[in-house]
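K.L.:
First the structure, which I've put down as C-alpha cells, then a few questions once you've had a look.
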C-alpha cells in the first residue's frame with residue numbers, strides 16, 4: 001500500500017468518526033445541520049414537503065440557500081427561506 005492510499009484511508013476514517021457538537025455561531029461549509037422544514041407552493045403545504053430533524057452534512061445543501069446567497073443559520077433561530085426546486089415534484 002502506498003502513502004497516497006494510506007492518506008485516503010485515514011481521511012475516510014476521520015470523516016466516518018467525526019463528532020458533532022452544538023454551536024452558537026452561524027453555520028459554515030461542512031457543518032452538520034439538523035433542520036425542520038415545510039415546503040409550500042403559493043402558500044399551500046404539499047404532500048412530502050415537510051420534514052423534522054432533517055440532517056444535512058453541509059451548509060451548501062439546497063435547504064440552506066436563500067436566493068443566491070448562503071443563509072447565516074444559527075442554532076435555535078427560525079427563518080423563512082425562499083427556495084427553487086430543481087426537479088419536478090410528483091403531483
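Laboratory data are not the source of any read-out in this text; all were calculated from the coordinates shown. Please read these numbers as outputs of a predicted model, since none were measured by experiment. Reconstructed Cβ throughout: ideal geometry from the backbone, glycine too, with neighbour counts over all protein chains shown.
K.L.:
Ranked from highest to lowest mean number of other Cβ atoms within 10 Å per residue, what is the order of the peptides 26-33, 43-50, 14-21?
P.N.:
Numbers: 26-33: 14.5, 43-50: 10.2, 14-21: 7.8.
Peptide ranking by packing, descending: 26-33, 43-50, 14-21.
K.L.:
May I ask you to compute the full-extension gain from residue 20 to residue 45, defined as 0.36 nm times their residue separation minus their alpha-carbon distance, rounded to one decimal in nm? Could you put the intermediate results ahead of the total?
P.N.:
On the way: separation 25, 0.36 × 25 = 9.00 nm, distance 3.17 nm.
Additional length available on full extension: 5.8 nm.
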